[in-house]
1. Report Rg(Cα)/(2.2 N^0.38 Å) for the stretch 64-121, keeping two decimals.
2. Under the 0.36 nm per residue contour assumption, what length would be gained going from the current alpha-carbon distance of residue 51 and residue 35 to full extension?
Ligand code: HEC
């Protein structure tokens, strides 16, 4: 009887370990990416001609052949001390200016929420 109990306890212990590992592993995998990675991903989206294509209208850093329909994206932290306001501006520029020529990237689901987060991290770093 004691023996059975012990082996049951052992099995339960193993199960708890396995369950613990299963619960912990995804959390580790989804760990926050560091700032440099997020900014690099955001830059790729901003420069990508098929995604953000922000260069079509904005001068950004060393981006090639920028358009000038929109203002140069520089000193963004000084102009947008609040990152959420910058994100909202990218998500839906028509909220601030109904006549805006800029695509409401979030509202029209041109970019995913995650992509807009990366993009905001990048633009905010300029
Ligand atoms: C079709 C042209 C166009 C494209 C493409 C475009 N924008 Fe704009 N953007 C504008 C214009 C025009 C403005 C000026 C404000 C307005 O009219 O909404 C602007 C304003 C902004 C502002 C506010 C700047 C400030 O000084 O307050 C930000 C930030 C911005 N754009 C980011 C982006 C990002 C990021 C992308 C790419 C995902 C992008 N824009 C793509 C035209 C564009």
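Where a number appears in this text, it was derived from the coordinates with a stated rule and is not lab data. Please read these numbers as outputs of a predicted model, since none were measured by experiment.
1. 1.12
2. Difference between extended and current length: 3.7 nm.
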